[in-house]
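The values are calculated or read from the model by the stated rules, or taken from the named source; none is laboratory data. All figures in this text were calculated on a predicted structure; none of them were measured in a lab. Virtual Cβ from ideal backbone geometry, glycine too; neighbours counted across all protein chains shown.
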Amino acid sequence: MAEISPKTVKDLRDQTGAGMMDCKKALQESEGDLEKAKDWLRKKGLASATKKADRKTSEGLVGSYIHTGGRVGVLLEVNCETDFVARREEFQTLVRNVAMQIAACPNVEYVSTNDVPSEVVTKETEIERGRDDLEGKPETVKQKIVQGRIEKRLKELSLVDQPYIKDQSITVEEMIKQAIAQLNENIQVRRFVRFILGEGEGKPTESP
């Protein structure tokens, strides 16, 4: 087994935010390879988050972010399980990072694809079915193409499906799941509202 230096453990912790013991374990399992250790931590985070997904989140924070120049502002609510975790610096950093993500993604309107109203899905489906490039194609082929385009469109509207602005190799959902693994609590983005100077009232967006 490769010898793992304290510096390598610290580097992995700084890059991922994971606990020291998890970082050491990841490096041991990856024979000291930093990139493989990141993948190991990511998989661990996804598994951990899945197990906690049904746990009640009744605490958390309402956070805000004002983009440079004061032309874009974001308010959001992120929930966790306990007030203790809500007060932790790691959770507060997470809330700020999610708010920054929302400010950077003007096309995002919903927390997840599950929150997109059925009437929006119906409208987008009608638009796609009416496109000229589908004319003359067999119905089964047309349905597959439309379905693929709709799935892509819904992800464009979904916050958690966006590439994370600070690490494009992961999505916002994966970033949140890493925080779940680190803080050992279920975490949910509940709702957000974006304000853009000159556009009047922002549009509230929340999970059901």
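Report yes if some residue within the range 18-38 is at pLDDT below 70 and touching a helix residue (DSSP H, G or I) at 6+ places or on another chain (Cβ under 7 Å); otherwise report no. Scanning the range 18-38 turns up at least one residue that is at pLDDT below 70 and touching a helix residue (DSSP H, G or I) at 6+ places or on another chain (Cβ under 7 Å). Quick one: in the range 189-208, which of the residues that are out of contact with any helix residue (DSSP H, G or I) (no Cβ under 8 Å at 6 or more places or on another chain) and at pLDDT 85 or above is surrounded by the fewest Cβ atoms within 10 Å (Cβ to Cβ)? So, considering only residues that are out of contact with any helix residue (DSSP H, G or I) (no Cβ under 8 Å at 6 or more places or on another chain) and at pLDDT 85 or above, the one surrounded by the fewest Cβ atoms within 10 Å (Cβ to Cβ) is Leu197. Restricting the range 110-119 to residues that are assigned to a loop (DSSP other than H, G, I, E, B) and at pLDDT below 95 leaves a set whose member that is surrounded by the fewest Cβ atoms within 10 Å (Cβ to Cβ) is Pro117. Within the range 64-92, the set of residues being assigned to a helix (DSSP H, G or I) and either free of Cβ contacts under 8 Å to residues at least 40 places away in the same chain or buried (at least 16 other Cβ atoms within 10 Å of the Cβ) (or both) comprises Asp83, Phe84, Val85, Ala86, Glu89, Phe91, Gln92. With respect to the conditions (1) surrounded by 15 or more Cβ atoms within 10 Å (Cβ to Cβ); (2) closer than 30 Å to Met20 by Cα; (3) modelled with pLDDT under 85, Asn184 falls short on a single one, namely (1).
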